[in-house]
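Have a look at the structure below, then the notes.
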């Protein structure tokens, strides 16, 4: 019998709403899968916890989470706390503390979902973005000197290691082989302007690519990639990029496939020494938090990615198929997809589709 210990951190904003629906999906798939069960432990960490204690998680929070098989995470962010404080207070410490160096963000145009791009049919857009997740532009390397004076100096340093860079690029190629679709990996940099870190990335990309002669490759500058995500998104298969560039590109990919509410994310510790973390891409969504209208399907899809990571392939496929049926039948949809359903109603429909699938 496979019982998985899951840490559940709803966090902030709409994370508090969509994680409830993610748990429903897990409970639904467990109810129809022999020998599969989950043990949930929920942690009240986030901005409310910060207001009470001065920290987003306890000092031993990372140590506490080590005992879990995986983490289901909602969002972090608060309208009254600067984003650089919230992000560095909860999510980034988990990514770094558990060496979750491989972030996977799929983007697919489902049947029943309309792209804002004219003429795109279901399946035309089908890409997976691999994001380096622990270093690069988000590395906390830098500082401020003479703060608040006319002589103030600010340094923000990007950090690229051979281990981190090669790891994410190799993961993208290995995934492309398994994915067996267009068999193309696109690397995105800004090496014409960033002559150290990005040129280094390009060098490592060529080295790894040489080991996969069956895979087509291309290297794009990030401004060109952003344009092509909008005008020719069907040309992409697997995309690999640094922490910052992949973060931006994955948001564009989510929007051109119909909604940020459909975009899941996996933060993977490849060595499986520590728990991996699964979350929706959309963040705290201050504009709709508390209204009960957030789309929980990104979280449900993140649950499928978690099951896949566990090796529970049948259960993962069942959840993925349930999401696809929800979108194709269009009987229950949230407002971002043209419906009137609440978050909980959408979650109930996904759970029903999982059970009956």
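Since every read-out is calculated from the coordinates, none of them should be taken as a lab result. Here the structure is a predicted model, which is why all the values come from computation and not from measurement. Positions of Cβ are generated from backbone atoms using ideal geometry, with glycine treated the same way; all protein chains shown enter the neighbour counts.
When you count the other C-beta atoms within 10 angstrom of each residue and take the mean per peptide, 30-42, 101-113 line up highest first as 101-113, 30-42. Taking every DSSP helix (H) stretch of at least 4 residues in the chain, weighting each as -39,500 (n - 2.57) and dividing the sum by the residue count yields a mean residue ellipticity at 222 nm of -12500 deg cm²/dmol.
The gain in end-to-end length when the residue 196 to residue 39 segment is fully stretched comes to 51.9 nm, 0.36 nm per residue minus the alpha carbon separation. Taking 324, 75, 302 in turn, the Gaussian network model of the chain (Cα-Cα springs below 10 Å) assigns the largest fluctuation to 324.
Pairs of alpha-carbon atoms within less than 8 angstrom and 6+ residues apart define the contacts here; what relative contact order does segment 126-256 have, in percent?
On the way: 206 pairs, mean separation 47.9, N = 131.
Averaging sequence separation for qualifying contacts and normalising by length gives 37 percent for segment 126-256.
For the pair segment 257-314 and segment 42-104, the centres of their Cα atoms are 15 angstrom apart.
The simple Förster model, with R0 at 51 Å and r as the Cβ-Cβ distance, assigns residue 328 and residue 157 a FRET efficiency of 0.60.
By its C-alpha gyration tensor, with a ≥ b ≥ c as the square roots of the eigenvalues, how is segment 1-134 shaped: rounded for a/c under 1.5, else prolate for a/b larger than b/c, else oblate? Verdict is oblate for segment 1-134. Full extension of the chain segment joining residue 80 with residue 141 gains 19.4 nm, where the gain is 0.36 nm per residue of separation less the Cα-Cα distance. Sorting the segments 178-189, 223-234, 89-100, 258-269 by their mean number of nearby beta carbons within 10 angstrom, highest to lowest, gives 258-269, 89-100, 178-189, 223-234.
Å³ per residue of the Cα convex hull, for segment 242-357? If you can, show how the numbers build up before the last one.
On the way: hull volume 13.3 nm³, N = 116.
So the per-residue Cα hull volume is 115 Å³.
The value of relative contact order for the chain, using C-alpha pairs under 8 Å at least six residues apart, is 23 percent.
What FRET efficiency comes out for residue 2 versus residue 228 if R0 is 45 angstrom and r is the Cβ-Cβ distance? Round to the nearest 0.05. The value I calculate is 0.60. Highest mean packing comes first when the peptides 288-297, 331-340 are listed by Cβ atoms within 10 Å, giving 288-297, 331-340. The reciprocal of the average 1/r between distinct C-alpha atoms defines the Kirkwood hydrodynamic radius, which for segment 126-256 equals 15.5 Å. Computing FRET efficiency as 1/(1 + (r/R0)^6) for residue 344 and residue 271, where r is the C-beta to C-beta distance and R0 is 45 Å, gives about 0.75. A straight chain from residue 356 to residue 177 at 0.36 nm per residue would run longer than the Cα-Cα distance by 61.2 nm.
The calculated pair-distance distribution of segment 259-319 uses every alpha carbon pair, bins of 10 angstrom beginning at 0, and gives 23, 44, 25, 8 percent. For segment 175-227, the convex hull drawn through the C-alpha positions has a volume of 79 cubic angstrom per residue. Share of antiparallel DSSP beta bridges in the chain, in percent to the nearest 5? Antiparallel bridges: around 40 percent, rounded to the nearest 5.
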